[in-house]
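The values are calculated or read from the model by the stated rules, or taken from the named source; none is laboratory data. Since this is a predicted model, take the numbers as computed values, not measurements. Cβ sites come from the backbone with ideal geometry, for glycine too, and all protein chains shown count toward neighbours.
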Amino acid sequence: MNRIVRHISRSAVVAIAATALIIPVSAIAQTTPASSTSSSTSERWLHVRVTSSEDKTETVRVNVPLEMAEKVLPAINKDRLHNGKVKFNDHDFEGVDLKVLLDAVRSSKDGEYVTVQSNDADVRVAKQNGYMYVHVTEKESHGSDKHAKSSEKSKVEVKVPMKVVDALFSAGKDELDIVAALRALSAHGDTELVSVKSDDNTVRVWLDSKNISD
Amino acid sequence: MILAKLALGFASTIVVASVYTFREGTIRVDVDEHRDGGSHVHFWVPAAAVPMAMHFVPKQHLREASQHASEYMPLVEIVTTELRKYPDTTFVDVEDGKNHVRIATAGNKLQIDVVNDEENVHVAVPLSTVNDVARQLAADAPGI
């Protein structure tokens, strides 16, 4: 009887010792990621930052790992988004056949395709070193008609790798393949994709390997 | 002597049970309303208790909840599975002077913080718990 009690109590001591050892290990296991501020270089993160020009305390920061977005998007089936693809109609682009337009851009040499300079806005669409650039500068006129001076009201700069554009239009005729575009995007290095500077807000969308925005 | 051994056995059982209960961490909810007489709710529960407690929820109620949430449960399941693969990150942070909303992960927990003039809400739930609940609700959804 005594031997049984001794055996039980020895087992209990072993159990307590084991749990005492397990607790710190599990605590470390749970807190280990907390100490890390940047992810491994293979991970690609998409960052969005919106800052109000008037009030600097008004900000929106979004940090999303591309790999996660690739897996999550196909699970969202709502309205026009299905299986990671967005359906669009011809009248969404006012009759412009985007696929034909894109084919024309893809097969053309590097250069500026559209340059518009007016009192209201300057528009530039170009292809260079595997990237497609769209720059739009909206202007504001001051003074009388004759001596009117214009200043920048807003500036939009979009820089997208051509491979991403190709992937985006790789689905059906009336679909944008967002997941394919994200996959193509993840193969690229650190890139600033969108930059918008206006009187109200500053918007930045960029890609890097950090899980924090600067 | 026998009493001491019994006490040791009892204590070790409690320790083992506690470790089992808290192995998945805790769910923490803090709500503070700033208005006069506003409520202040602060509680934490062991996360392991939630999937267990769901077994005691009447099937009919669970089915109703599943029906309402069925559309989003697979999404929640994927998101929580994926989030566990990444280091602690602030995924969304919105500040507009008076309001501050933050969705982040910290130590395998999903943290949602809402701070404004009216109230402060802080919720921290282990990702594994959200995943378990989502999986269970998805499994209980009608037609599955």
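Key figures
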item: Residue in the stretch A:86-98 that is under 30 Å from B:E71 (Cα atoms), in the same structural domain as A:S198 (by TED's automatic domain parsing), of a type in the set (K, R) and not in a helix (DSSP H, G or I) present; result: yes
item: Every residue from the stretch A:51-68 that is within 9 Å of chain B (Cβ to nearest Cβ) and of a type in the set (A, V, I, L, M, F, W, C); result: A:V60, A:V62, A:V64, A:M68
item: Every residue from the stretch A:94-124 that is at pLDDT 85 or above and among the β-branched types (V, I, T); result: A:T115, A:V116, A:V123
item: Candidate set from the stretch A:160-214 (those that are hydroxyl-bearing (S, T, Y) and within 20 Å of A:V72 (Cα to Cα)); member that is nearest to the other protein chains (Cβ to nearest Cβ); result: A:S209
item: Test: residue in the stretch B:36-58 that is in a loop (DSSP other than H, G, I, E, B), surrounded by 13 or more Cβ atoms within 10 Å (Cβ to Cβ) and among the aromatic types (F, W, Y); result: no
item: Residue in the stretch A:58-67 that is free of Cβ contacts under 8 Å to residues at least 12 places away in the same chain and closer than 29 Å to B:D96 by Cα present; result: yes
item: Hits in the stretch B:86-127 (condition: assigned to a loop (DSSP other than H, G, I, E, B) and within 19 Å of A:S213 (Cα to Cα)); result: B:Y86, B:P87, B:D88, B:T89
item: B:A65 farther than 28 Å from A:E67 by Cβ, within 14 Å of chain A (Cβ to nearest Cβ) and either touching a residue at least 24 places away in the same chain (Cβ under 8 Å) or not in a strand (DSSP E or B) (or both); result: no
item: Hey, A:S170 in contact with a Phe, Trp or Tyr (Cβ under 9 Å, 6 or more places away or on another chain), at pLDDT below 90 and of a type outside the set (A, V, I, L, M) or not; result: no
item: Any chance A:V105 is away from chain B (no Cβ under 11 Å), under 22 Å from A:L207 (Cβ atoms), in contact (Cβ under 8 Å) with a residue 12 or more places away in the chain and not acidic (D, E); result: yes
item: Selected residue (only one of B:V41, B:V57, B:V16, B:V50 is within 30 Å of B:D117 (Cβ to Cβ) and within 23 Å of the chain's Cα centre (by Cα)); result: B:V41
item: Failed condition for B:P74, given (1) outside any loop (DSSP other than H, G, I, E, B); (2) at the interface with chain A (Cβ under 7 Å from one of its Cβ atoms); (3) touching a strand residue (DSSP E or B) at 6+ places or on another chain (Cβ under 7 Å); (4) of a type outside the set (A, V, I, L, M, F, W, C); result: (3)
